[in-house]
Amino acid sequence: MGRVALVTGGSRGIGAAISVALKAAGYTVAANYAGNDEAAAAFTASTGIPTYKWSVADYEACVAGIAQVEAAHGPVEVLVNNAGITRDAMFHKMTPGQWKEVMDTNLSGLFNMTHPVWTGMRDRKFGRVINISSINGQKGQAGQANYSAAKAGDLGFTKALAQEGARAGITVNAICPGYIGTEMVRAIDEKVLNERIIPQIPVGRLGEPDEIARIVTFLASDDAGFITGSTISANGGQFVV
């Protein structure tokens with residue numbers, strides 16, 4: 001049995017690709033999900049990866065869910081904070097609820113998930129925390145003040161926590177995907193996709209979920225032990241830091 005990896009939002013989209021890639025690399029993988037029971041059941045049936053339902057926005061639910069995963073599989077040694085939501089609106093129309101909902105999941109969710117596993121990682125002198133941020137946390141995006149702020153906050157969290165974990169053998173890194181060809185993105189009107197989105201990407205195509213998953217697999221490995229506090233941009237050249 002390999003090291004235990006827990007992937008939030010791990011049964012769909014980028015998260016599903018990450019879960020599958022980590023399993024293929026020899027990890028024992030558990031995938032968290034928030035609401036789509038049918039998709040989670042289908043994912044488990046097709047991959048053999050167990051799924052566990054809780055909201056990363058709820059700290060106590062995270063504590064209980066992580067305890068369930070660890071009881072079944074052992075201590076979580078690799079945590080991938082991938083879960084995220086959007087509640088897009090231009091700022092003058094954005095409600096406090098839309099702001100809070102995104103912050104609770106996309107930013108506080110990192111605290112809620114990482115805090116319960118942090119002490120164990122410190123005690124064992126090993127850990128990998130990989131946070132999935134976004135290109136829009138780097139450059140901002142109209143209509144996404146809430147999402148962009150949360151994803152930018154993920155990067156600050158990554159940099160600060162990396163400094164705390166370094167001497168304990170814990171690395172903390174972030175990945176900022178650009179437009180990735182998930183089910184959600186491919187559902188965008190084909191004309192909009194081909195005339196407005198893809199022309200902004202210098203490589204001339206969408207990214208693939210597997211491309212993000214391969215970065216995660218590397219960052220989780222022993223080979224990446226000297227990389228911490230880093231932000232890896234995977235956006236086809238759309239935004240160069």
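Throughout, read-outs are computed from the coordinates displayed, never taken from laboratory work. None of these values were measured; they are calculated from a predicted model. Heads up, the Cβs are rebuilt from the backbone with ideal geometry, glycines too, and the neighbour counts pull from every protein chain shown.
Relative to the Cα centre, what is the charge dipole magnitude of the chain, using +1 at the beta carbon of each Lys and Arg, -1 at the beta carbon of each Asp and Glu, and rounding to the nearest 20 debye?
So the dipole magnitude of the chain works out to roughly 420 debye.
Once you have the alpha carbon radius of gyration of region 75-128, what is it after dividing by 2.2 N^0.38 Å, with N set to its residue count?
Working it through for region 75-128, the quotient is 1.51.
So how tilted is helix 209-220 from the main axis of the chain? Cα-based, degrees 0 to 90, rounded to 10.
Rounded to the nearest ten degrees, it is 40.
Which FRET efficiency, nearest 0.05, do His92 and Tyr59 yield, Cβ-Cβ r, R0 41 Å?
Here the calculated transfer efficiency is 0.80.
Do me a favour and compute the ellipsoid semi-axes for region 30-138 from its Cα gyration tensor, root of five times each eigenvalue, largest one first, whole Å.
26, 18, 13
Consider all pairwise Cα distances in region 4-232 and report the whole-number % of them above 30 Å.
Considering region 4-232, 20 percent of its Cα-Cα pairs are separated by more than 30 Å.
Which distance in Å, rounded to a whole number, links the C-alpha centroids of region 105-131 and region 165-206?
Using only Cα atoms, the two centres lie 24 Å from each other.
Extension gain Lys139-Glu190, at 0.36 nm per residue separation less the Cα-Cα distance, in nm?
Answer, rounded to one decimal: 15.9 nm.
Tell me the volume per residue, in Å³, of the convex hull enclosing the alpha carbons of region 1-90.
98
Taking the Cα centre as origin and putting +1 on Lys and Arg beta-carbons and -1 on Asp and Glu beta-carbons, what dipole magnitude results for region 10-75, to the nearest 20 debye?
Dipole of region 10-75, to the nearest 20 debye: 240 debye.
Dividing the convex hull volume of the Cα atoms of region 146-217 by its residue count, what figure in Å³ per residue is obtained?
116
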